[in-house]
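One structure is given here, and the rest of the page talks about it.
The values are calculated or read from the model by the stated rules, or taken from the named source; none is laboratory data. In this text the structure is predicted, and so the values were computed from the model without any measurement. Quick reminder, even Gly has a Cβ in these numbers, built from the backbone with ideal geometry, and neighbours come from all protein chains shown.
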């Protein structure tokens with residue numbers, strides 16, 4: 001009986017992952033930029049992880065956000081030249097090419113909200129070789145006809161998390177405390193990254209994968225934060241309903257490039273077979 005119940009649970013989990021993958025891919029392919037980004041990893045030698053996110057900021061909610069991830073060694077040849085065709089500046093492409101052999105993972109991001117898509121490239125170092133204070137990710141973010149932004153995601157000493165949390169915008173601190181309260185760990189034990197931008201942007205990124213929490217588990221403080229930021233309730237409720245059952249990946253918050261508070265929720269990571277992106 002217990003074996004039968006376990007098999008049913010495994011079957012339900014597989015069905016849920018398939019449903020999330022179908023939902024993610026349909027949203028990604030709804031834009032030309034998303035189809036192009038998927039095509040860059042279609043020949044990947046390793047399975048591709050896909051995750052979605054939504055970002056709350058002053059009076060706005062951006063929900064067409066995607067992240068595709070592969071081990072760097074399995075990334076297709078020509079992926080960086082493909083990004084150059086999407087507007088990655090030459091100097092950034094040269095820097096990324098030099099860093100790629102030492103990278104553990106390559107991540108491609110897309111924000112498709114609005115008239116001009118924002119593309120992202122992250123190179124992630126091997127975690128086991130990283131020390132507190134080292135850049136775990138180097139990120140380049142650009143629009144095809146716009147400026148390039150370069151961010152570093154620095155691995156934090158766990159005991160610095162409470163102090164950095166206190167330095168973040170006051171409007172976001174109740175949300176962060178509530179999120180930390182749902183995790184079975186003290187704030188000083190959380191895996192966290194401090195995001196530093198060349199424009200003095202600063203934010204905090206908390207990794208939540210290992211805690212098996214869903215977006216629904218933080219729905220109440222998330223709704224309060226949305227109201228504090230002036231996000232229309234009807235828009236927030238629609239996005240929350242879509243992602244409520246998705247497993248939390250990361251929670252990021254701080255000051256955006258416009259100097260205003262923001263928070264981003266990453267959730268629903270699923271593994272895609274090679275054929276899924278073709």
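Observations
- The single residue among 206, 180 that is surrounded by 15 or more Cβ atoms within 10 Å (Cβ to Cβ), touching a strand residue (DSSP E or B) at 6+ places or on another chain (Cβ under 7 Å) and not in a loop (DSSP other than H, G, I, E, B) turns out to be 206.
- Filtered by the rule that a residue be within 18 Å of residue 80 (Cβ to Cβ) and out of contact with any strand residue (DSSP E or B) (no Cβ under 7 Å at 6 or more places or on another chain), region 136-163 gives a lone residue, 144.
- Meets criteria (touching a helix residue (DSSP H, G or I) at 6+ places or on another chain (Cβ under 6 Å) and farther than 27 Å from residue 35 by Cα) for residue 228: yes
- Within region 76-85, considering residues that are at pLDDT 95 or above and touching a strand residue (DSSP E or B) at 6+ places or on another chain (Cβ under 9 Å), the one surrounded by the fewest Cβ atoms within 10 Å (Cβ to Cβ): 80
- The lone exception for residue 42 - which of (1) modelled with pLDDT under 95; (2) outside any helix (DSSP H, G or I); (3) in contact with a strand residue (DSSP E or B) (Cβ under 6 Å, 6 or more places away or on another chain) it fails: (3)
- Among the residues examined, residue 62 does not qualify as under 20 Å from residue 139 (Cβ atoms), at pLDDT 90 or above and in a helix (DSSP H, G or I).
- In region 124-170, the qualifying residues are those that are part of a helix (DSSP H, G or I) and either at pLDDT 95 or above or in contact with a helix residue (DSSP H, G or I) (Cβ under 8 Å, 6 or more places away or on another chain) (or both), and the one that is surrounded by the fewest Cβ atoms within 10 Å (Cβ to Cβ) is 166.
- The residues in region 103-123 that are assigned to a strand (DSSP E or B) and either surrounded by fewer than 13 Cβ atoms within 10 Å (Cβ to Cβ) or without any contact (Cβ under 8 Å) to a residue 60 or more places away in the chain (or both) can be counted, and the count is 10.
- So residue 254, is it under 15 Å from the mean Cα position of the chain (by Cα) and either at pLDDT 95 or above or crowded, with 19+ Cβ neighbours inside 10 Å (or both): yes
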